[in-house]
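Structure, as structure tokens:
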Amino acid sequence: MPADPRMRASDQDRDRTAALLREHHAVGRLNPEEFNERLDKVFQARTIGDLDELIADLPAIDLYPLPTSTLSRNGGTGASLASSARSVGLEFGHGRLSAAWQAAWGSWLGVTLLCTVIWMLTGFGYPWPLWVAGPWGAIMAGRWIVGSGPGGHDGNHGQVGNGHHRDEISGHGDGS
């Protein structure tokens with residue numbers, strides 16, 4: 001439902017209109033004189049209709065556009081690294097080089113280093129850090145070699161069989 005043009009304008013309405021004018025000025029639709037004139041009128045406006053008149057001859061723009069799939073996630077030299085990794089069969093973000101695996105191995109390494117430092121500071125006694133690093137590392141290495149995810153998933157992330165989603169709590173499929 002459009003706002004009544006006779007309704008009193010709030011400070012937020014004025015700020016939003018000023019932001020729109022700044023965007024239009026930035027892309028060249030308004031010269032500096034027009035921009036300053038309209039900006040002065042924005043902060044003198046009393047109603048929504050007064051604000052609408054100031055931007056009526058300008059195209060509507062979205063101040064907060066959502067990212068699209070056309071945007072590159074790898075900028076600069078990172079894109080060439082990703083393309084060279086794909087050319088040799090390594091793809092970051094999937095399988096054994098995914099962010100989940102990187103986080104899991106990073107956690108294992110951090111905890112192992114912490115335990116080793118504590119062991120060293122306490123006098124190099126019985127090598128108890130091996131009981132932390134060994135089994136945990138062996139389980140992770142096994143999952144990494146077999147190709148399952150670090151959490152024990154096979155990479156479907158909540159999907160069962162032919163694309164049906166699995167309820168994470170009850171484990172039942174939803175049929176969609």
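Bear in mind these aren't lab numbers, they're just calculated from the coordinates by the rules spelled out. Because the structure is predicted, anything quoted here is derived from the model rather than measured. In this analysis, Cβ positions are derived from the backbone assuming ideal geometry, glycine residues included, and neighbour counts consider all displayed protein chains.
As a calculated quantity, the FRET efficiency between ARG96 and THR122 at R0 = 41 Å, using C-beta atoms, amounts to about 0.70. Restriction of the chymotrypsin sites (Phe, Trp or Tyr not before Pro) in region 101-153 to DSSP coil positions whose beta-carbon has at most 16 other beta-carbons within 10 angstrom yields PHE124. Remark on THR47: its backbone amide H falls under 5 Å from those of ALA9, a criterion applied only to residues 5 or more positions apart or on other chains, H modelled at 1.01 Å from N. The phi-based Karplus calculation (6.51 cos²θ - 1.76 cosθ + 1.60; θ = phi - 60°) puts the 3J(HN,Hα) values of region 37-46 at 5, 5, 5, 4, 5, 4, 7, 9, 5, 10 Hz, whole numbers, x for Gly and Pro. Rounded, prolate or oblate: which fits region 11-55 when a ≥ b ≥ c are the square roots of the eigenvalues of the alpha-carbon gyration tensor, with rounded for a/c under 1.5 and prolate only if a/b beats b/c? Here region 11-55 falls in the prolate category.
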